[in-house]
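Notes for the one structure printed next.
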Amino acid sequence: MAAGNSRCVDSLIGLIHKLPAEQQATTGLGWVRALALSHAERVAARSFALGSWLIENRPATEHAGTLGDWQELVDALVVAGAGELAPYSE
């Protein structure tokens, strides 16, 4: 029910944003991916927090070893129209 719902994604980001960077880059990224990846078109068009949160957390994902998961989500969102993430797409 929450998957693909941009309000749920933004609410989740609001909660996990308070966690330490490593937890955001591991557990938090996993939760966000579960909500956003399969419905990237809907989320890319409507989420207010996702793009900036992903950009902000890129260094932490590199350090935590979850950069591949981060990149997969970013690439899917760029294909779905999230232009702000285009510089980070491969």
Kindly indicate which of Ser47, Ser89, Ser52 is of a type in the set (Ser, Thr, Tyr) and closer than 12 Å to Val9 by Cβ.
Ser47
For the condition over 16 Å from Arg7 (Cβ atoms) and at pLDDT below 95, what is the one hit in Leu19, Leu67, Leu37?
Leu37
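The values are calculated or read from the model by the stated rules, or taken from the named source; none is laboratory data. Nothing here was measured: the structure is a model prediction, and the numbers come from that model. Positions of Cβ are backbone-derived with ideal geometry, glycine not excepted, and every protein chain shown enters the neighbour counts.
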